[in-house]
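Here's the structure we're looking at; comments come further down.
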Amino acid sequence: MDQKQNIEQFKGQPRLPKFAIPKSYHLYLRLDLSACTFSGLVNINLSILDSTKYVVLNACELSVHQVLFTNSLNHIFTPCDVVLDADNEILVLVFEQVLGTGEGVLSIEFSGALNEQLKGLYKCSYVDKGVRKNMAVTQFEALHARRCFPCWDEPALKATFKITLDLPSELIALSNMPISDEKINGNVKTVYFEESPKMSSYLVALAVGLFDHIEETTADGIKVGVYCPVGKSDEGKFALEVAVKSLEIFTRYFSMPYLLPKLDMVAVPEFFGGAMENYGLIIYRENEMLHNDLRSTAAKKQRLTIVVAHEVAHQWFGNLVTMEWWTHLWLNEGFATWISYMATDMMFPEWKIWTQFLQETNGGLRLDAQEQSHPIEVKIQHAHEVDEAFDAIGYKKGSAVIRMLQG
Ligand SMILES: [Zn+2]
């Protein structure tokens, strides 16, 4: 077979080949919010499990510049071919020499654009003192971490992440982990985040913008921060109270501590859905997190409570324990939906929230009555089918089945 044929074998495959798997990522990103671009360097510690001339990982809508592989003997290998396959969202690195089994570091320099599609690392805007400004936010679930940096973008391929970010010095940078160090150099500051525990790539998160913030500490010493649009921190108080109580309830209920030192929640003006449970940094669409007692209805207050409890529950169901593949997504969403009612009932028993659970499951029943209904466990052959699994059957019918099991 010639090399071209060899590359063809990786296209259209449902999953990445496992010649090499990641152990840790050191990701450096430099943001240019006025040009809406970013550039980066990722150093990935790999285990080469099978001697190979090929390393195949995910990348999408990125420009790849320099690639090097350094093995444990400090020998440096440069690929003779670097193929970005846009259709399959894979990056195939072809080496002339075989890379032997063992450890090594893959270094990739890349760049990209902050998109307006609300996926990957994207741009949204806000008004500060009458001036429209850009903010950078991530949304990686299910297949969009690869739009921000080259990676093994499958839930089972967990690794640690250590992120460093260059950004305009007046802005706030948030990620999964707390900041360990910060250096200011004129208009640019470099923010170093602590290394995360092992986690899936779809849970990595960043938010960069101007925010007001409030915080509290749980009984177990976890710092919970809520980041709101400037001037609106009062409207984040209720979500903060619910997040603190939910963390305390789940820590007791699971007899398993929350493993990160902090949990932040941030409200952004443009977001693909209601909220995303990124490990240690939950991102919300603004109106799903902000609450004003003078303007919000009782129903909205109840929905906010359920949404916050749902996202906090994911810190265990999904983030700590993760489905091996998207086929079992309903376990993430069904459990988080069911237990969000349980936590809400514990926090506000006077709401009798379980009486509304039937209404929650209604959407599932409606979809289930249609001819094209499917089992709650949806066989996902190819990653691109995963969006179909995020429907009312997974969330609502899934949660109803779990409630029956609990009963
Ligand atoms: Zn969820």
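The values are calculated or read from the model by the stated rules, or taken from the named source; none is laboratory data. Given the structure is predicted, the values throughout are model-derived calculations rather than measurements. Heads up, the Cβs are rebuilt from the backbone with ideal geometry, glycines too, and the neighbour counts pull from every protein chain shown. Please note that ligands, DNA and RNA were not included when accessible areas were found on the heavy atoms of the full protein model with its side chains. Shrake-Rupley method; radii C 1.70, N 1.55, O 1.52, S 1.80 Å.
Here are some notes:
- Of the candidates Glu103, Glu96, the single residue that is over 27 Å from Gly12 (Cβ atoms), in a strand (DSSP E or B) and open to solvent by 30 Å² or more (accessible area, probe 1.4 Å) is Glu103.
- Taking the listed residues Ser169, Ser196, Ser201, the one that is in the same structural domain as Val131 (by TED's automatic domain parsing), open to solvent by less than 50 Å² (accessible area, probe 1.4 Å) and free of Cβ contacts under 8 Å to residues at least 40 places away in the same chain is Ser169, with no other qualifying.
- When segment 298-311 is filtered for residues that are surrounded by fewer than 23 Cβ atoms within 10 Å (Cβ to Cβ), charged (D, E, K, R) and either within 16 Å of the ligand (Cβ to nearest atom) or under 20 Å from the mean Cα position of the chain (by Cα) (or both), only Arg303 remains.
- For Trp338, the stated conditions do not hold, so it cannot be described as farther than 29 Å from Pro229 by Cα and either of a type in the set (Asp, Glu) or away from the ligand (no atom under 14 Å from the Cβ) (or both).
- Just one residue in the set Leu121, Leu143, Leu157 is buried (at least 22 other Cβ atoms within 10 Å of the Cβ) and assigned by TED's automatic domain parsing to the domain that holds Leu31; that residue is Leu121.
- Considering residues of segment 378-400 that are away from the ligand (no atom under 16 Å from the Cβ) and surrounded by 16 or more Cβ atoms within 10 Å (Cβ to Cβ) only, the residue nearest to Ala59 (Cα to Cα): Ala383
- Only residues that are among the hydroxyl-bearing types (Ser, Thr, Tyr) and either within 12 Å of the ligand (Cβ to nearest atom) or touching a helix residue (DSSP H, G or I) at 6+ places or on another chain (Cβ under 9 Å) (or both) were counted across segment 341-357, and they come to 2.
- Of all residues in segment 17-26, none are touching a residue at least 12 places away in the same chain (Cβ under 8 Å), assigned to a loop (DSSP other than H, G, I, E, B) and within 23 Å of Thr138 (Cβ to Cβ).
- Some residue of segment 73-81 being aromatic (Phe, Trp, Tyr) and under 30 Å from the mean Cα position of the chain (by Cα): no
- Exclusive hit being buried (at least 20 other Cβ atoms within 10 Å of the Cβ), in the same structural domain as Glu235 (by TED's automatic domain parsing), farther than 26 Å from Val204 by Cβ and within 14 Å of the ligand (Cβ to nearest atom), set Glu333, Glu360: Glu360
- Of all the numbered requirements in (1) more than 14 Å from the chain's Cα centre (by Cα); (2) closer than 16 Å to Phe140 by Cβ; (3) hydrophobic (A, V, I, L, M, F, W, C), Ala243 misses one, and that requirement is (2).
- Residues located in segment 352-397, provided they are of a type outside the set (D, E, K, R), farther than 21 Å from Gln302 by Cβ and in contact with a Gly (Cβ under 6 Å, 6 or more places away or on another chain): Ile376, Ile393
- Only residues that are more than 11 Å from the ligand (Cβ to nearest atom) and part of a helix (DSSP H, G or I) were counted across segment 312-330, and they come to 3.
- Close contacts from segment 333-356, counting a first residue that is outside any helix (DSSP H, G or I) and a second that is away from the ligand (no atom under 11 Å from the Cβ), with Cβ to Cβ under 7 Å and a gap of 6+ residues or different chains, come to Phe348/Thr305.
- Options Glu170, Glu182: the member that is over 27 Å from Glu89 (Cβ atoms) and assigned to a strand (DSSP E or B): Glu182
- Scanning segment 331-384 for residues that are of a type in the set (Phe, Trp, Tyr) and within 22 Å of the chain's Cα centre (by Cα) returns Phe335, Trp338.
- Candidates Gly40, Gly104, Gly120, Gly112: the one that is more than 26 Å from Thr138 (Cα to Cα) and of a type in the set (Gly, Ala, Ser) is Gly104.
- When segment 282-297 is filtered for residues that are away from the ligand (no atom under 15 Å from the Cβ) and either surrounded by 19 or more Cβ atoms within 10 Å (Cβ to Cβ) or assigned by TED's automatic domain parsing to the domain that holds Ser180 (or both), the ones remaining, listed by number, are Leu290, His291.
- Matching residues in segment 251-271 - criterion: being in a loop (DSSP other than H, G, I, E, B) and surrounded by 15 or more Cβ atoms within 10 Å (Cβ to Cβ): Tyr258, Leu259, Leu260, Pro269, Glu270, Phe271
- Checked against (1) at negative phi; (2) open to solvent by 60 Å² or more (accessible area, probe 1.4 Å), Ser47 meets all criteria but (2).
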